[in-house]
Each structure stands twice: as C-alpha cells, then as structure tokens.
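Notes follow once the structure below has been shown.
The values are calculated or read from the model by the stated rules, or taken from the named source; none is laboratory data. Values in this document were obtained by computation on a predicted structure and should not be read as measured data. When we count neighbours, we look across all protein chains shown, and the Cβ atoms used for this are built from the backbone with ideal geometry, even at glycine.
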Amino acid sequence: MYEVLAPVGNNEMLIAAVRSGADAVYFGAKDFSARRNAENFGDFELENVIKYCHIRGVKAYLTLNILIKDSEMADAVELAKNAYNFGIDGVIVQDIGLAKVLHKLLPDLPLHASTQMSIHTPAALPILKQMGFTQVVVAREMSLEDLKQFCVEAQKYDITVEAFVHGALCMSVSGQCLLSAYLGSRSGNRGLCAGPCRLPFKVENGTGYDLSLKDLSHLDYVSELYNIGVRSFKIEGRMKRPEYVAAATKACKTALQTGAVPTDLAETLKNVFSRSGFTSGYLENKLGRDMFGIRTKDDVVSADKAFPLLHEIYRNELQSVAVDLTFSAKQGEEIKLSLCDGENTVSAVGPAPDLAQNKAADRESVIKNLNKFGGTPYFAEKLDIILDDGLFLRAGELNEIRRTAVELLNKKRSEINREISDLVYENNLTDTLHKTEPDLYIRLENTEQIPNDLSGISAVIVPLEKDFPLLAGVKNIVEIPRGIISEKAIADRLNIYKQKGFDTALCGNLSAVSIAKSCGFNVMADTGLNIYNSNSLSAVADLGISAAILSNEMLLTDAVAVNSPIEKGIISYGKIPLMLFKNCPIKNGKSCADCDKNNTITDRMGIEFPIRCRMGYSELLNSVPVWVLDKKQSMKNLDFELLYFTNEDKQRVAEVITAAKTEKQPDCKHTRGLFFRGVI
C-alpha cells in the first residue's frame with residue numbers, strides 16, 4: 001500500500017485534498033507548526049478535521065515540527081495528547097526532546113521524523129527506531145540511488161519512508177537554515193521563515209537570484225519511487241491555494257495508479273504554481289544551473305488562468321468508500337437497511353410497508369432510491385435486496401432510512417478506537433552541576449591557524465576533511481560535516497583520526513552520531529542537532545552523547561537555564577553557518593572545476609557572505625562573526641564556550657583568543673547573534 005499525502009492549511013484545502021484523492025493529509029494547529037503563517041486549526045477544529053478524514057478513509061497527521069522551548073513543552077505535549085484523544089494517526093516532529101517526551105507518555109502515538117531532522121543517510125535509522133519513530137520524511141536532497149539504499153535499510157527497522165514529490169524546494173537542507181532567523185529573527189526552525197533566499201543574492205556569473213531553486217517535481221518518478229520502497233508521497237504547500245492542492249494531489253494519485261500524469265493535468269499543475277517550471281535535479285543527481293529559478297510575472301498570469309478550471313476537480317464529494325448494502329422489506333415487518341464498510345456494520349429501520357393499491361415496488365426502483373449516495377463518501381459495491389411481492393414503499397421513507405444509515409456509519413467510522421489519555425506533563429528533569437565559568441574551546445579551519453600558545457584552551461575542534469595533527473595539552477575533537485555524501489568516506493576519515501589518537505567526534509546529524517559511535521568515538525553534539533530544550537539534552541544523553549553545543553537560536557538566558565545531564569556550551573565567537581547546500585549557489589555561475597574555493601555571495605545591500613565547501617556539501621557563513629566574549633557574567637552555568645574560527649588568519653585567531661580570556665569588547669563588525677534578541 002501507499003499514501004498520497006497532501007498539505008492542508010484550512011478547511012477549503014482539506015476538502016480540496018480529500019476530494020482530489022489524498023490518502024492522508026497533514027496540517028498544523030495554531031501553535032508549534034512549521035507553517036505558523038498558515039490559517040491552521042484550533043483544538044475544536046482539530047477534532048472535526050480528524051473526523052472528516054476518518055469518515056472518508058483518509059489518515060490525519062498533525063505537524064508539531066518546530067523547536068520547542070522549555071516554557072512551551074507542557075503546551076506542546078497537551079496539544080499532542082488532545083490530538084491523540086481525537087484519533088490522530090501520527091504526529092510529525094522535529095524536536096528530539098519533544099519526541100522523547102511523546103514516546104514516553106504516549107507510546108501508542110505514531111511519531112514521524114520531520115524533514116527538519118535532516119535525515120539523508122541510512123545510518124540515522126537505528127537511532128530513529130530507538131527514539132520511537134515509525135515513519136521518516138527524508139531530505140529532499142537525496143538521489144534516487146540514495147533513496148534506494150535508504151529504503152532497503154528502513155525496511156529492516158520497520159520504518160516507513162516518506163518523500164516529497166512536489167512543491168517548493170528550499171536552497172538549504174531543511175532544519176539547517178538560520179538565514180531568516182539571523183537576518184530578521186524569523187526562524188524557519190520555529191515555523192516563521194520569511195524566505196529571504198528568494199530575494200536577490202548574486203554569485204560570480206550567476207543570475208542574481210542564486211539562492212532560489214525551482215519547485216521540486218518527482219511526479220514522473222513516483223512509480224519508480226514506489227518500486228524502491230517509498231510508501232508515502234508527500235506534497236508541499238500548506239501556504240498555497242486549494243486549487244494547487246487539488247491539482248498536485250490528483251496528479252500524484254493518477255501517476256501512482258496509471259504510471260503517468262496526463263499531459264493536460266501536468267500542464268495545468270505547472271501553470272497553477274511553478275518557478276519557471278520544475279526540477280528533479282536532486283533525484284537525478286544533476287546539480288547546477290538548471291535547478292535555479294524564480295517566480296515570474298508570466299508564472300503568476302498562468303496561475304490566474306488555471307485557477308477557475310481546477311474547481312471542478314474538487315467540486316463534488318469523492319465517493320471512495322465501498323459499502324455492502326443489505327435491505328429487506330417484508331409484509332408486516334419494519335423495513336431495514338444495513339451498510340457494511342468491511343469493518344463496521346450499521347442498521348436503520350423504518351415503518352412497515354403497506355400493501356400496494358396500484359403499482360407495487362420492484363427491485364429496480366428500490367435500488368434506485370437506496371443507491372443515492374451523492375454528497376457522501378460512500379458507494380454501493382454489493383447490494384442484497386429482500387423484497388416481498390405486492391408492497392408499497394414510499395420514496396421519502398427509503399431516503400430517510402438511507403440518510404439515517406449513512407449518519408450511523410459516519411459516527412461509527414469516526415469513533416476513537418484507543419484508550420483516552422489523561423496524562424499531564426511535568427518537567428522533572430534534574431540539572432547536573434555545571435561550571436561557574438565556561439572552559440574555552442576553539443574550532444580551527446586549517447593548520448595554519450593553530451596558535452603557538454594553547455594555554456587556557458581546553459579543547460581544539462578540527463574539520464574531518466583536513467589533516468591536523470594531535471595537539472598536546474588539549475582535548476582533540478574531530479568535526480564531522482553536517483552534510484554526508486558517503487557514510488564510508490566519513491568512516492574512513494574517522495579511522496585516520498582515530499589512528500592519530502583522536503577519540504571524540506563532533507556530530508551535527510544523527511547519521512554522524514551513528515557512524516562515529518560505530519568507529520569507537522565518543523560523541524559531542526553539534527548545533528546541527530538543534531538542541532533547544534532540557535528534554536533535547538536528555539534525549540542526546542540517552543544516545544551516549546557526553547556534551548552538546550546548544551542551538552544558535554537560543555536566548556543566552558535560556559541556554560544558561562536549560563537543565564542538562566551532560567556538558568553544555570555555546571558558540572561565543574565566529575561566523576555562524578547559516579545555510580547548508582547540496583546544490584552550491586556557486587554552481588549557478590560556474591562549475592566545481594572552475595571554483596577557486598574562496599567564494600562569496602552578495603545580497604541586495606552589497607553585503608558579502610562567505611561560502612565554503614565540505615566533502616560534497618557547502619555552507620553559507622554569516623557576513624560578520626557573533627561576539628559575546630565580553631558577556632562572561634551571562635555565561636555562568638555553561639560548561640564551555642566555543643570560538644568558531646573559519647577564514648581568520650593566525651594572527652586574528654590569537655587576537656580573538658586573547659579577547660576571550662580578557663572579556664574584551666568587540667573590535668570589529670559583529671553581531672550578538674540571537675542571544676539577546678531571540679526569534680519569534
């Protein structure tokens with residue numbers, strides 16, 4: 001079996017999705033959803049949405065896919081509990097702390113790993129299984145071959161693979177983008193991305209919109225995706241119009257049923273929303289300029305023409321639920337109608353029929369009256385009519401008995417078949433004793449930056465892809481890139497560092513955690529794991545992780561206050577990686593062969609952002625460094641602070657280290673990051 005999974009942002013979109021053939025829908029509540037700008041649904045509406053879906057044989061998934069603050073955890077859990085009690089079929093989660101709480105308190109609630117968890121290689125699967133996930137939304141950046149291997153492994157863990165097959169395509173790997181947060185405090189990880197990547201950003205020889213990709217479309221590949229093991233085919237678009245949802249859902253369902261999308265429907269879908277067409281570049285492993293695109297005036301005009309035609313797709317109720325109909329009319333007995341959907345059977349009765357004075361009821365006329373299921377999701381697949389001769393049956397009574405039976409079946413199909421939960425979340429996590437003043441860690445980009453004097457430095461972090469020696473007198477940590485092209489390549493490099501004497505790996509992805517542990521390394525959590533609350537720290541501790549760099553999106557007061565059973569710290573200096581790319585923006589201007597590895601991208605204000613390449617993925621760094629080295633009094637209860645060096649020279653590295661030791665005021669253009677202004 002498979003499911004076409006459609007986006008829902010309001011009631012009209014819900015109707016459009018279900019009537020167009022969706023097997024499942026996903027939607028958010030008013031809070032804690034990665035599309036907080038969508039209309040979304042309140043608690044009372046959630047119950048009605050779930051009932052509407054279940055009556056029609058459609059699964060309902062709730063999105064709780066943002067990072068959760070400690071102060072919000074109780075409300076998020078309460079929302080999940082209410083949805084569970086309403087009969088929700090699954091909850092889509094990004095925050096590993098929330099996942100831990102839900103798996104413990106609501107063990108029968110299916111958890112789906114959001115694409116915001118950046119899952120793109122199989123090594124993450126055993127950890128997802130351990131954390132209680134039953135379904136995973138894989139990263140959009142995966143190729144067909146990547147997905148094939150992933151599906152083989154996922155089957156071993158009984159985890160369903162869900163993949164996006166249509167919709168908007170972020171430039172950054174989902175869950176790894178801080179651009180909107182840093183430029184305007186609107187966090188993608190908190191559901192309020194402002195989409196600054198769609199604004200003008202220019203690389204050398206680029207188009208001027210070099211962070212904007214075309215929309216993704218894998219509709220021509222859905223049969224192949226099914227054959228390799230994908231079982232949930234997801235459409236993006238909770239912020240789009242119902243007409244788009246209808247067209248995309250119908251196109252995907254048709255492709256799965258017939259192997260192809262009809263030409264006219266494909267053209268309509270292109271017209272209703274695209275950025276000068278679609279791309280399947282990631283799936284085909286064909287990166288580069290062809291993947292880039294923007295929304296043009298012609299695209300908007302085409303959409304305006306297409307919208308009126310699409311209402312026909314979802315104008316009428318989709319009769320998708322087969323029932324067996326049994327009717328009996330016997331002299332002297334009440335008439336009786338039973339409907340059975342294969343699991344549920346309901347019956348309705350009406351008054352006993354009179355003897356016919358003129359024309360008696362016949363089988364054909366009874367069937368005609370009883371089979372009027374228009375406006376309902378039902379159709380009669382089998383009919384069993386027991387009818388005595390010579391009876392008079394009133395059409396109104398037949399219609400009434402049918403309506404009553406339909407209402408009873410609706411009620412039966414929307415009943416909650418699980419034990420109602422009355423749990424109440426309590427934050428009873430304990431905090432370990434942390435340092436009164438944080439230790440000093442440094443992260444280096446190249447060997448030329450190694451300071452002559454390492455006194456006062458507790459740990460040095462070095463990139464996996466570079467060749468660093470083991471440094472004396474400090475803890476040596478090797479940093480695994482957040483984007484993983486090859487698990488074997490990561491393991492091979494780790495083994496080289498293991499032979500040098502390194503024993504700890506910094507991991508910003510669940511796959512990296514798994515690989516590092518398999519190679520015998522201790523693990524430290526990087527910012528890519530989005531550690532945002534006390535339960536997240538507890539969750540990574542459960543994985544055997546001994547320390548964590550907290551999310552760059554946390555307020556400093558929250559970072560200090562968060563309870564942790566392991567060491568915790570922050571990046572107090574450095575050009576923070578704001579985006580993670582598989583299709584590097586430099587490719588919109590030149591090939592990798594022509595790249596000098598010293599690139600920048602420039603925004604419409606003329607500000608330059610460095611771009612660096614790391615083992616097949618690349619990253620956009622902030623234009624200026626975070627600097628909170630002079631805020632030591634605000635860092636009490638942190639175990640370490642990290643100076644994150646990227647393109648600084650050796651002299652500048654030494655100057656910043658001195659500044660950290662002396663709590664020096666900023667001496668350069670800088671930002672305080674989100675430590676004091678936070679995100680909304």
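I'd like the residue in segment 226-254 that is under 19 Å from the mean Cα position of the chain (by Cα) and of a type in the set (A, V, I, L, M) and, out of all such residues, is modelled with the lowest pLDDT. Applying the filter and picking the extreme gives Met239. Summed over segment 421-436, the residues that are closer than 30 Å to Glu343 by Cβ, under 27 Å from the mean Cα position of the chain (by Cα) and not small (Gly, Ala, Ser) give a count of 1.
Per the listing Asn205, Asn189, the residue uniquely crowded, with 23+ Cβ neighbours inside 10 Å and either outside the structural domain of Ala163 (by TED's automatic domain parsing) or polar (S, T, N, Q) (or both) is Asn189.
Checked against the criterion of being outside the structural domain of Leu67 (by TED's automatic domain parsing), in contact with a strand residue (DSSP E or B) (Cβ under 9 Å, 6 or more places away or on another chain), at pLDDT 95 or above and surrounded by 15 or more Cβ atoms within 10 Å (Cβ to Cβ), the candidates Tyr532, Tyr497 yield just one match: Tyr497. Considering Ile50, Ile66, the condition of being under 19 Å from the mean Cα position of the chain (by Cα), crowded, with 18+ Cβ neighbours inside 10 Å and in contact (Cβ under 8 Å) with a residue 12 or more places away in the chain is satisfied by Ile66 alone.
Residues that are in contact with a strand residue (DSSP E or B) (Cβ under 6 Å, 6 or more places away or on another chain), surrounded by fewer than 23 Cβ atoms within 10 Å (Cβ to Cβ) and modelled with pLDDT of 95 or more: does segment 25-33 have at least one? No: segment 25-33 contains no residue that is in contact with a strand residue (DSSP E or B) (Cβ under 6 Å, 6 or more places away or on another chain), surrounded by fewer than 23 Cβ atoms within 10 Å (Cβ to Cβ) and modelled with pLDDT of 95 or more.
Tell me yes or no: at least one residue of segment 306-314 is assigned by TED's automatic domain parsing to the domain that holds Thr160, aliphatic (A, V, I, L, M), crowded, with 23+ Cβ neighbours inside 10 Å and touching a strand residue (DSSP E or B) at 6+ places or on another chain (Cβ under 6 Å). Scanning segment 306-314 turns up no residue that is assigned by TED's automatic domain parsing to the domain that holds Thr160, aliphatic (A, V, I, L, M), crowded, with 23+ Cβ neighbours inside 10 Å and touching a strand residue (DSSP E or B) at 6+ places or on another chain (Cβ under 6 Å). Looking across segment 137-186, the residues that are outside any loop (DSSP other than H, G, I, E, B), among the polar types (S, T, N, Q) and in the same structural domain as Ala123 (by TED's automatic domain parsing) come down to Gln149, Gln155, Thr160. Residues of segment 327-346 that are out of contact with any helix residue (DSSP H, G or I) (no Cβ under 7 Å at 6 or more places or on another chain), under 18 Å from Thr376 (Cα atoms) and among the polar types (S, T, N, Q): Ser338, Thr345.
For segment 58-70, the condition of being in a helix (DSSP H, G or I) and in the same structural domain as Asp158 (by TED's automatic domain parsing) holds for at least one residue.
Count of segment 573-604 residues, restricted to those that are more than 25 Å from the chain's Cα centre (by Cα), under 15 Å from Asp210 (Cα atoms) and among the hydrophobic types (A, V, I, L, M, F, W, C), is 2. Out of Asn48, Asn82, Asn11, which single residue is in the same structural domain as Thr134 (by TED's automatic domain parsing) and farther than 24 Å from Lys240 by Cα? Only one candidate qualifies: Asn82. Residues in segment 238-284 that are farther than 18 Å from Val58 by Cα and among the charged types (D, E, K, R): Lys240, Arg241, Glu243, Asp264, Glu267, Lys270, Arg275, Glu284.
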